[in-house]
Amino acid sequence: EADGKSWVPTRADVERDYDLARLDPTQRAFVDYVLSWVRDLISFKKAKKSKTGKTQRQPKIRTWLGGSAGSGKSTTIRTAVQHARLLFHEAGLEATVELTAYTGVAAFNIGFGAKTTCSAFQISGNSKMKSLQGEHHIKLERQWANAVLLIVDETSFIGQALFHQTHCRLQHAKRRTL
């Protein structure tokens, strides 16, 4: 499916279309880092489900992928996203990867259902963020309910105020699942 969320990945499809061997060493290191986190998250979620009694902290990832135009950032992101979705699917986890970009052109270029940052977080162009009510808030909660990974393209265009607004929206969207 075009949005990437309804698509049910098969190992053969992912390995054919997003072959890790086609990545250069830097791209591969980034994808391996992300997939290592995915595996840790899956282990954490399964241990939490089985209630092993161990106190564990949910693994977190904060990373940055940089490079000049044409260096393969989009290829690297697409590969990481599809392999992550495959691992979540194979583990039976309802986990989603959300993709945003500052501009609509960049969101389109990423594909996989990427949205503009403002659209994904229901933020209007003015500087004062309004609280979401009713159906708008329910829509935000549904969108982010199973999100475990957020990829933000074009971070250099996003200012401190917009990052703060996205942080606030995520807190509101995820408050029932925390």
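The values are calculated or read from the model by the stated rules, or taken from the named source; none is laboratory data. The shown structure was predicted, so the numbers you read here are calculated from the model rather than taken from an experiment. With ideal geometry, Cβ positions are generated from the backbone for all residues, glycine too; neighbour counts draw on all protein chains shown. For the accessible areas, the whole protein counts, side chains as well, though only heavy atoms, and no ligand, DNA or RNA atoms are used. Shrake-Rupley method; radii C 1.70, N 1.55, O 1.52, S 1.80 Å.
Applying the set (1) assigned to a loop (DSSP other than H, G, I, E, B); (2) surrounded by 13 or more Cβ atoms within 10 Å (Cβ to Cβ) to E141 leaves exactly one unmet item: (1).
Here are some conditions: (1) at pLDDT 95 or above; (2) not in a helix (DSSP H, G or I). T63 meets all but one. Which one does it not meet? Among (1) at pLDDT 95 or above; (2) not in a helix (DSSP H, G or I), the lone unmet condition for T63 is (1).
Among residues that are open to solvent by 50 Å² or more (accessible area, probe 1.4 Å) and at pLDDT 90 or above, F121 is not included.
Check whether at least one residue in region 46-62 is on the phi < 0 side of the Ramachandran plot, buried (at least 18 other Cβ atoms within 10 Å of the Cβ) and touching a residue at least 12 places away in the same chain (Cβ under 8 Å), and report yes or no. No, region 46-62 contains no residue that is on the phi < 0 side of the Ramachandran plot, buried (at least 18 other Cβ atoms within 10 Å of the Cβ) and touching a residue at least 12 places away in the same chain (Cβ under 8 Å). Test H89 against the stated conditions and say whether it is of a type outside the set (S, T, N, Q), touching a residue at least 12 places away in the same chain (Cβ under 8 Å) and touching a Pro at 6+ places or on another chain (Cβ under 6 Å). Yes, satisfied.
Could we say that K128 is basic (K, R) and either open to solvent by less than 60 Å² (accessible area, probe 1.4 Å) or assigned to a loop (DSSP other than H, G, I, E, B) (or both) here? Taking the combined requirement at face value, the residue satisfies it.
Taking region 78-116 as the range and being in contact with a strand residue (DSSP E or B) (Cβ under 6 Å, 6 or more places away or on another chain) and either over 15 Å from A147 (Cα atoms) or of a type in the set (G, A, S) (or both) as the test, the residues that pass are A84, A95, A101, G104, A106, A107, I110, A114.
Regarding I123, is this residue among the hydrophobic types (A, V, I, L, M, F, W, C), over 13 Å from the mean Cα position of the chain (by Cα) and not in a helix (DSSP H, G or I)? When the stated conditions are applied, I123 passes them.
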